[in-house]
Amino acid sequence: MMTAYMDHKDLANEVIDEARTKEITDGVHRVLDDIAKAEAASGRESGSVKLLAATKTRDVGEIMAAIDAGVRMIGENRPQEISAKAEGLIRQCAQRGFSLGAAANAQNSAASQTASNGHIPFHLIGQLQSNKIGKVLPYVDIIESVGSLEEAQKIARRAVARHIVVGVLMEVNESGEASKSGCEPDEAVDLAYQIAALEGLQLQGLMTIGAHVDDEKTIRAGFAHLRGTRDTILKSGEPGTAQCRELSMGMTHDMDYAVAEGSTIVRVGTAIFGERAFI
Ligand SMILES: *Cc1c(COP(=O)(O)O)cnc(C)c1O
């Protein structure tokens with residue numbers, strides 16, 4: 001069962017012990033350090049790559065330890081996990097003076113929106129079934145995994161009905177692996193124009209998952225192609241494309257390649273929290 005792990009772990013748990021806190025703190029510091037080194041090695045400006053902590057299977061206490069260690073963006077894969085953790089995360093963040101994700105819209109917004117370092121974006125990085133859209137929109141401010149016009153239109157309709165604008169990264173299946181979602185690379189530019197034009201959405205960039213191979217050239221070719229696609233879209237002048245800047249690419253094992261190829265967001269789980277006990 002895909003979600004069987006939820007029976008084994010209380011994802012709403014808010015208290016973790018000192019040893020686990022230290023593990024996560026060290027993990028965050030190590031990853032931030034690795035990002036800084038990768039930026040320097042590829043001649044990129046310091047701070048140009050943001051760290052998103054991929055928090056699937058981690059509980060509220062573990063995620064807050066990562067935030068306390070310097071994480072300023074989080075991403076969940078599954079609507080059920082968002083439901084289990086969101087209230088605890090929002091409350092814990094508020095205690096530290098942070099607003100989290102779309103909940104900032106609901107809070108008295110001036111304070112949460114003006115101090116940009118006081119806001120922690122909350123992304124959905126996994127697939128979203130249409131019947132779960134209403135469940136996640138109160139919490140996430142960016143959906144990274146939009147791979148078709150139909151999906152985009154469904155999200156857009158819900159956003160318009162709620163009088164909100166949802167940030168979107170379009171997912172592209174650069175590796176062509178059947179296990180991966182996202183649109184075809186050669187359809188990406190046209191699809192991006194259609195998504196960018198939808199009311200209720202703001203296209204903020206592109207996302208991909210690196211090829212599942214050991215070969216550096218193959219992995220980097222996919223990342224480089226996504227960057228080229230982003231550049232084409234951004235230069236196009238098509239309606240709604242002016243904010244299509246982000247390149248969400250790079251995970252624990254291919255982060256350095258992604259930074260070298262222009263990533264602006266790396267999504268890291270294992271290197272922060274350790275191996276996942278459940279899939
Ligand atoms: C789990 C996950 C990550 C992080 O993977 P790690 O290898 O644990 O760093 C990044 N992106 C997506 C979409 C994920 O599902």
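The residues of the chain present an accessible area of 46 Å² per residue when probed at 1.4 Å with all protein chains retained. With θ taken as phi - 60° and the Karplus curve 6.51 cos²θ - 1.76 cosθ + 1.60 applied, the whole-hertz 3J(HN,Hα) list for segment 83-93 is 4, 5, 10, 4, 4, x, 5, 4, 5, 5, 5 Hz, x standing for glycine and proline. DSSP bridge analysis restricted to the chain gives an antiparallel fraction near 0%, rounded to the nearest 5. Each of Ala277 and Gln127 was given a label point 7 Å from its Cα along the Cα-to-Cβ line. The distance between the two points is 2.7 nm. Of Val213, Val136, Val189, which has the largest mean-square fluctuation in a 10 Å C-alpha GNM of the chain? Result: Val213 has the largest fluctuation of those listed.
Would you compute, from DSSP H runs of 4+ residues alone, the mean residue ellipticity of the chain at 222 nm, taking -39500 (n - 2.57) per run and dividing by the full residue count, rounded to the nearest 500? Don't skip to the answer; put the middle values down first.
Working: 12 runs with 121 residues, N = 279.
The per-residue figure over the chain is -13000 deg cm²/dmol.
Entry note: segment 168-279 has Rg to Rh equal to 0.99, where both radii use alpha-carbon atoms and Rh is the Kirkwood radius. Taking amide H as placed 1.01 Å from N in the peptide plane, the amide H of Ser145 sits under 5 Å from that of Leu169, each at least 5 places away or on another chain.
Remark: accessible surface ordering of Ser145, Ser48 (largest first) is Ser48, Ser145, probe radius 1.4 Å. In this structure, the pairs whose alpha-carbon distance is over 26 Å, taken from Lys135/Lys180; Lys37/Lys85; Lys56/Lys154; Lys50/Lys235, are Lys37/Lys85. Atom-type composition of the exposed protein surface of segment 57-190 places 48 percent of the accessible area on carbon and sulfur (1.4 angstrom probe).
Label-to-label distance for Val213 and Arg91 is 4.9 nm, based on points extended 7 Å past Cα in the beta-carbon direction.
Largest mean-square fluctuation among Asp215, Asp254, Asp34, in a Gaussian network model of the chain whose springs join Cα atoms under 10 Å apart, belongs to Asp215.
Applied to segment 13-24, the Karplus parametrisation 6.51 cos²θ - 1.76 cosθ + 1.60 on θ = phi - 60° returns per-residue 3J(HN,Hα) values of 4, 10, 10, 10, 7, 5, 5, 5, 4, 5, 4, 5 Hz, with x for Gly and Pro.
Quote the Stokes-Einstein diffusion coefficient, in whole µm² s⁻¹, for the chain, based on the Kirkwood radius over alpha carbon pairs, a temperature of 20 °C and a viscosity of 1.002 mPa s. Result for D is 113 µm²/s.
Amide H contacts of Leu100: Ile120, each under 5 Å away and 5 or more positions distant or on a separate chain (H built 1.01 Å from N in the peptide plane; Pro and chain starts excluded).
Quick check: convex hull of the Cα atoms in segment 66-200, volume per residue, rounded to a whole Å³? Walk me through the intermediate numbers first.
Values: hull volume 16.7 nm³, N = 135.
For segment 66-200, the hull spanned by Cα atoms encloses 124 Å³ per residue.
The label point for Arg245 and the one for Glu150, both projected 7 Å from the Cα toward the Cβ, are 3.4 nm apart. GNM on the chain, alpha-carbon springs under 10 angstrom: the most fluctuating residue among Ala102, Ala258, Ala94 is Ala94.
Sequence-ordered 3J(HN,Hα) estimates for segment 60-70 from the Karplus curve with 6.51, -1.76 and 1.60 and θ = phi - 60° stand at 4, x, 5, 5, 5, 4, 5, 5, 4, 8, x Hz, glycine and proline given as x. Taking 0.36 nm per residue of separation and subtracting the Cα-Cα distance, full extension of the segment from Ala40 to Lys22 would add 3.8 nm.
The values are calculated or read from the model by the stated rules, or taken from the named source; none is laboratory data. If you're wondering where the values come from, they're calculated on a predicted model, not measured in any experiment. Cβ: placed from backbone, ideal geometry, glycine included. Neighbour counts: every protein chain shown. In case anyone asks, the SASA skips ligands and DNA or RNA and just uses the protein heavy atoms, side chains included. Shrake-Rupley method; radii C 1.70, N 1.55, O 1.52, S 1.80 Å.
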